[in-house]
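Structure record follows, encoded as structure tokens.
Coordinate-derived values only; no laboratory data. What you see is a predicted model; the values in this text were computed from it and never measured.
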Amino acid sequence: MRTLKKYLNAFSANIAKGMLENEGIPAQVIHQNIPYMGISDKLAVELIVNDEDYDRAKKLLEEAENNQKELGEEDWKEVSD
């Protein structure tokens, strides 16, 4: 198992986990029950994947994050209206 990304909260990590699992990549979120997150990298919530899935998972996660950044506030208003 290998850490794909560290998050400050379990919610964000679980969203990413669900996206990866929808693509057929098993993933786990660890350290999500620590009472206060965000103190340091050592206490971060971690999204981990199997070693053999790491490269594909990293690419999918980066693509998803880039697509999210490209979707501006105006786009969100159109979706929610």
Fully extended contour minus Cα-Cα distance, from Thr3 to Asn33, at 0.36 nm per residue: 9.1 nm
query: What list of ³J(HN,Hα) values in whole Hz, one per residue of the range 6-14 in order, does the Karplus curve 6.51 cos²θ - 1.76 cosθ + 1.60 (θ = phi - 60°) give from phi, with Gly and Pro shown as x?
result: 10, 10, 8, 8, 6, 4, 4, 5, 6
